[in-house]
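Bear in mind that the values in this text are calculations on the coordinates, not laboratory data. Note that the structure is a prediction, hence the values are computed from the model and not measured. Glycine also receives a Cβ, built like all others from the backbone with ideal geometry; neighbour counts cover every protein chain displayed.
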Amino acid sequence: MAPSGRQGSRADYHHGDLRETLIRAAMSMIAERGLAGFALSGLARAVGVSSAAPYRHFRNRTAVIAEVARRGFEQLAANLEAARQAGGVDPIATLERCAQAHLAFAAREPPVYAAMFEAGFPLGRYLDLDRSRDAAFVVVRMAAQNAVSRSTAPNRPPAQMVALYVWSSTHGIANLFISHADNNSRLLPMTPEQLLEAGLMIYLQSLGMLLAV
């Protein structure tokens, strides 16, 4: 999903490519300036169109960011599903693979990840975005459900609780050590991947789920 260096030409727009060009340029601008530095006026200048041109495709600045986020969750869901399918017979390993795939996506696509989690979209305003976000979480929940159902723990925890923990802890580590890597790179003598693995193992062990086979 990384944006290409090509900003597009006016000839492209006659073939209906302006929307895609705007999205690619938006990803580049968010990567360079952060969400706070992203504006439709700057986006129009970046692709060489009038200040009114972006409004033919997007209602406002937030709508552009929402589309970037929607695509991000769609790709994250695909990455999570690939990790789940490749997890093998060990449900705990599968759950960890999903978490590591989430972390890897954040490292690979920081501007998209910022749009996905930092923009603060109101629920219900962008339904396609809500569906994409839910679809990504559902993959983690399915992996958690499998791990819980096959656990020999006497009091098996709710799968939704386990999935929420995995999702939120992965996002927290991604936010601290990827989105703000310059400020946090010296906080711990371990990589984000190692921290995630350790945290998941401690959590799952506390639930008695490491006996799952």
Checklist entry - Could you give the Stokes-Einstein D for segment 66-123 in µm² per second, using the C-alpha Kirkwood radius, 37 °C, 0.692 mPa s? => result 275 µm²/s
Checklist entry - Among the helices of the chain (complete DSSP H runs), which have Cα atoms covering no less than 18 Å along the helix axis and a Kyte-Doolittle mean of at least -0.5? => result 18-33, 61-85, 91-108, 127-149, 159-174, 192-206
Item to check | Mean projected area in nm² (Cα convex hull; one quarter of hull surface) for segment 66-211 | outcome: 8.7 nm²
Item to check | Chain lengthening between Arg59 and Val138 when straightened (0.36 nm per residue, less Cα-Cα) | outcome: 25.5 nm
Item to check | Label point 7 Å beyond Cα of Ser41 along Cβ direction - residues of segment 65-81 with amide nitrogen under 20 Å | outcome: 65
Checklist outcome for this item: Its Cα gyration tensor gives segment 10-56 an equivalent ellipsoid whose semi-axes in whole Å, largest first, are 19, 11, 8
Checklist entry - Of the listed peptides 81-90, 60-69, what is their order by residue-averaged count of other C-beta atoms within 10 Å, with the highest listed first? => result 60-69, 81-90
Checklist entry - What nm distance separates the two modelled labels at Arg19 and Gln194, each placed 7 Å from Cα along Cα→Cβ? => result 4.6 nm
Checklist entry - Using alpha carbons only, what's the Rg to Rh ratio of segment 14-113 with Rh from Kirkwood? => result 1.13
Checklist entry - If you take the charge dipole of the chain about its Cα centre, with +1 on Lys and Arg Cβ and -1 on Asp and Glu Cβ, which of His102, Ile65, Leu204 is farthest toward its positive end? => result Ile65
Checklist entry - Roughly how many Å is it from the Cα centre of segment 187-210 to that of segment 74-89, as a whole number? => result 20 Å
Checklist entry - Which value in deg cm²/dmol, rounded to the nearest 500, describes the helix-derived mean residue ellipticity at 222 nm for the chain, given -39,500 (n - 2.57) per DSSP H run of n ≥ 4 and division by the residue count? => result -21000 deg cm²/dmol
